[in-house]
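The values are calculated or read from the model by the stated rules, or taken from the named source; none is laboratory data. Please read these numbers as outputs of a predicted model, since none were measured by experiment. All Cβ positions, even for glycine, are placed from backbone atoms using ideal geometry, and neighbour counts span all protein chains on display.
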Amino acid sequence: MTRLIDLVPPHVLGFESYVPSRPDEVLRRQYGVDALLRLNNNENALGPPQAAREALAAFPPVQGAVYPNGDCHFLREALGRAFGKDPGQFLVGNGSCEVITSVIKAFCQPGDAIVTADKTFAVYEWVAAFSGIETRLVPLKDYALDPEAMLEAVTERTKIVFVCNPNNPTGSWWDKAVLERFLERLAGRAVVVLDEAYREFAESPDFPDGMDVLERHLNVLVFRTFSKMYGLAALRVGYLCGAVESVDFVRRTHLVYSVNAPGQLAARAAVEDGAAHVKATRRMVAQARGYLRGVFDSLGLEHVSGEGNYIMARVPVPDTLLYRLLMRQGVMVRTMTGFRFPNWIRVTLAEQPAMEAFAAALRKSLDGR
Amino acid sequence: MDTILSLETPPEIGYARVLTFAAETLARSRGLAAREQTRFQLAVEEFFTYLAKTVPGHAPIKTVLTGKPYQVCASIRFKAANLCLGALNACCPAAPAGDLEAGEPLSLILAGRVADRFRIDCEGGDAFVLHAEVDKVYPKADTPDQHIIIRPPYRAAAQDDPGLLVLAAGLAAASYPAWHCPASFQTPGKFADMSQAGRFQSIMALDAASHPAGLLCWTRSGDKGLSFSGPFVFAPPEDGAEVARLLMDAFLAAVARETAEIVFSERATPDTPPGYFEPLGSLTLHAPGGTIEQPVLYRHLREDTGETVWAAPELADFLHGAYDRLAMCRNVMTAHPATSAERERSLFSATVDKYKATAALRPLLDGEDTQANLAAHVGALSGKGVANIFLYIDLSRSWEAALAGAALRAGFRPRLVLPFAGRSDVLVLQHDQAD
């Protein structure tokens, strides 16, 4: 009998499956705490916008028996209205991770490569790895994606360049001029995925709007998500936008029915009536960023934070040890070794009491070490 | 690329010749010297002969011979409900006294001696795989040229160039005490071959003229661990900290998304930059120049998801204390020794490093004589001048954890826990005699 292992391609055999955090109740029991402050996944502490809450509350349970709309028809229409585009330019997925997978499937085959940064959102690299696609990783320069080095890494086998803007986890970002110059020099030799998962947090007028950029560059696909700013992470709704032709190619590899009905309803409500929520979230994030910068400065810790609802700090002990010390006090942060930033932590910017609780736990953890 | 020969033969002594011919051919093809060819051939022959003679009504015996650039290995898969392998213990006398029939089986004693090391995997039930390895012999390191001036700027990256690896391993062996170095550094050609075969991976720092300025290497340990050696720094003292940090950053970046939970080192050098690791404790190392406390360092590569481990009642307090100090979630279950062991004779593997005068014992099979067997190992190893004797117990297996009581009575003392260094956490004990 053939062994199962003999049926598995080498690139899958060599890939390590991602181990997500255990459920909160398990973690609380493990660490002996009554409550857990989640500052690890850049979730929005304000939750979903009011309109999305109402949409969810109005969802009739009996509809649970009915398949969702397979291609998110009404949500794509709402996105089209919001951004002044054809609904056919949008493709919605079960979170942006699914859309990343679809794009790689659409454009890459074994022997091809993608280019991205060595210290950025890991899913581009993971999906490429378990799909048998080479990843060319470009080092950051001063905590930011390096456009020159990324251009140099592009070869004739490169099909996709992933640009996370602002970059997760550093928060660094390319302004309009840098992005435009990069796209001109790339000259359409590869698809550019402009991952704007944290775009809604950016307030600088110099911050490029992918929705404009893609009109001038047909090889650009913009990714956004409802998980971060719109607080709908549990419902898993992400989307991409691009030229109709390129979106059509991606649609061929994309599974339909992957976005559930409550998610579609809540996301549509957020698009149509989320402006006040965006404003309130930005206010909370700005205040938290200022507060934590002060905390890290007072502890003499190097920190990095640009746009996005997170801040990263270098700590004087292994990040994985600090994780456990903080967990014992009911505070959960993201360790950064896996992002290739050993001894750094990333902290979600949230409401003031949570930030103060984190600061107190951090001081206690580092005290005497 | 490994060469693999797989043979399935009836358990009849007549087939031993087929196996020994295959073993010799393989060893020769991988460049082993005549003496090692013979040792390998003999190990295969004696194990096979013993099994063929001892296990009545045995199904065919499957033997897999693997040739690596630096070593040949025989893996013999067999079934044995009550087989006694006690003669493989390193403490077993090489020349059995008295009546051979009543003493230890000579073939097993021989096999255990001619192989450089062996281990036994239990595949469940009464199925076992016995692995016997014979190493290629390499020349000792040349004295490296220490007069080369190393100067900045420095860069660090993964390195697999055999020439550079030989040079750097030789430099490390010449600059650092043996206990900091993998044994293969004493014969750098072996280190290069092991690297080529994927046994070691290395980060090397190079200076402005591309001369080695530092080295850090690592190898897999258990299912979830990476054991590293270094950082070895060859740059001038004023640049040492920078080179060490470059090596460490490049190392952690290289393994950050590896299929491992932790990195650790029982022989990290004093050049290890502060803040990267958690101290787990220390081991006492006796050397001709004196005694030192060697710190043992570790770090997780990702968030700890907790684990269940077993502890002998005598060691529960020690383990609870260790886990509490590490702020680590563990369900500690009580492991009681079996009321009657399955076998009369227990079996331990012994890996001896003559350069460091150290021996690492690992339990392979439980038996009624565990305490006496451990004491006999200590006696035999001490008699050979091994001053540092350690016992590694994988806490994921209750029978192994339960051995700790016998180990304490045999004079071993718990030193530290290596999280995830085996199938799960590994308890390291050290024999008191060496303290």
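Within region B:349-361, the presence of at least one residue that is at pLDDT 90 or above and surrounded by 19 or more Cβ atoms within 10 Å (Cβ to Cβ) is confirmed. Of all residues in region B:160-216, those satisfying the criterion of being without any contact (Cβ under 8 Å) to a residue 60 or more places away in the chain, more than 19 Å from residue B:226 (Cβ to Cβ) and charged (D, E, K, R) are B:161, B:207.
Count of region B:403-435 residues, restricted to those that are at pLDDT 90 or above, closer than 14 Å to residue B:374 by Cα and not polar (S, T, N, Q), is 13. Taking the condition out of contact with any helix residue (DSSP H, G or I) (no Cβ under 8 Å at 6 or more places or on another chain), in contact (Cβ under 8 Å) with a residue 12 or more places away in the chain, farther than 19 Å from residue B:415 by Cβ and of a type in the set (A, V, I, L, M), does residue B:347 pass? Answer is no for this residue. Checked against (1) over 25 Å from residue B:127 (Cα atoms); (2) in contact with a Lys or Arg (Cβ under 6 Å, 6 or more places away or on another chain); (3) among the hydrophobic types (A, V, I, L, M, F, W, C), residue B:309 meets all criteria but (1).
Applying the condition of being in contact with a Leu (Cβ under 9 Å, 6 or more places away or on another chain) and surrounded by 17 or more Cβ atoms within 10 Å (Cβ to Cβ) to region B:10-26 and asking which residue is nearest to residue B:193 (Cα to Cα) yields B:26.
Looking at this structure, is residue A:288 among the small types (Gly, Ala, Ser) and either under 15 Å from residue B:327 (Cβ atoms) or within 14 Å of another protein chain (Cβ to nearest Cβ) (or both)? No, not satisfied.
Restricting B:284, B:272, B:308 to residues that are modelled with pLDDT of 95 or more, hydroxyl-bearing (Ser, Thr, Tyr) and out of contact with any Phe, Trp or Tyr (no Cβ under 7 Å at 6 or more places or on another chain) narrows the list to B:272. Among the residues of region A:262-273, none qualifies, meaning not one is in a loop (DSSP other than H, G, I, E, B) and surrounded by 21 or more Cβ atoms within 10 Å (Cβ to Cβ).
Among residues of region B:28-61 being outside any helix (DSSP H, G or I) and within 25 Å of the chain's Cα centre (by Cα), the one that is surrounded by the most Cβ atoms within 10 Å (Cβ to Cβ) is B:32.
Among the residues of region A:30-44, is any touching a residue at least 12 places away in the same chain (Cβ under 8 Å), β-branched (Val, Ile, Thr), within 14 Å of another protein chain (Cβ to nearest Cβ) and assigned to a loop (DSSP other than H, G, I, E, B)? Yes, the conditions are met somewhere in region A:30-44.
One line per residue, one yes/no per condition, for (1) more than 28 Å from residue B:159 (Cβ to Cβ); (2) more than 9 Å from every other protein chain (Cβ to nearest Cβ):
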| site | (1), (2) |
| --- | --- |
| B:273 | no, yes |
| B:285 | yes, yes |
| B:305 | yes, no |
| B:310 | yes, yes |
| B:318 | yes, yes |
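Considering only residues of region A:310-344 that are under 23 Å from residue A:118 (Cα atoms) and of a type in the set (Gly, Ala, Ser), which is nearest to the other protein chains (Cβ to nearest Cβ)? In this case the residue turns out to be A:338.
The number of residues in region A:228-259 that are more than 21 Å from residue A:208 (Cβ to Cβ) and part of a loop (DSSP other than H, G, I, E, B) comes to 10. Of the residues in region A:15-23, at least one is within 27 Å of residue A:281 (Cβ to Cβ), within 14 Å of chain B (Cβ to nearest Cβ) and free of Cβ contacts under 8 Å to residues at least 60 places away in the same chain. I'd like to know if region A:104-116 contains one or more residues that are within 14 Å of chain B (Cβ to nearest Cβ) and at negative phi. Checked against the condition, which is being within 14 Å of chain B (Cβ to nearest Cβ) and at negative phi, region A:104-116 yields at least one hit.
Test residue A:356 against the stated conditions and say whether it is under 21 Å from the mean Cα position of the chain (by Cα), surrounded by fewer than 23 Cβ atoms within 10 Å (Cβ to Cβ) and closer than 20 Å to residue A:289 by Cα. Spelling it out, it is not the case that residue A:356 is under 21 Å from the mean Cα position of the chain (by Cα), surrounded by fewer than 23 Cβ atoms within 10 Å (Cβ to Cβ) and closer than 20 Å to residue A:289 by Cα. Would you confirm whether any residue within region B:294-301 is in contact with a Gly (Cβ under 7 Å, 6 or more places away or on another chain) and more than 8 Å from chain A (Cβ to nearest Cβ)? Yes, the conditions are met somewhere in region B:294-301.
Results for (1) of a type in the set (A, V, I, L, M); (2) under 30 Å from residue B:1 (Cα atoms); (3) at pLDDT below 75, shown as yes or no for each residue.
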| residue | (1), (2), (3) |
| --- | --- |
| B:33 | yes, yes, no |
| B:38 | no, yes, no |
| B:50 | no, no, no |
| B:61 | yes, yes, no |
| B:67 | no, yes, no |
| B:83 | yes, no, yes |
| B:88 | yes, no, yes |
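Can you confirm whether residue A:34 is surrounded by fewer than 20 Cβ atoms within 10 Å (Cβ to Cβ), of a type outside the set (Phe, Trp, Tyr) and under 23 Å from residue A:350 (Cβ atoms)? Considered against the rule, which asks whether it is surrounded by fewer than 20 Cβ atoms within 10 Å (Cβ to Cβ), of a type outside the set (Phe, Trp, Tyr) and under 23 Å from residue A:350 (Cβ atoms), residue A:34 comes out as yes.
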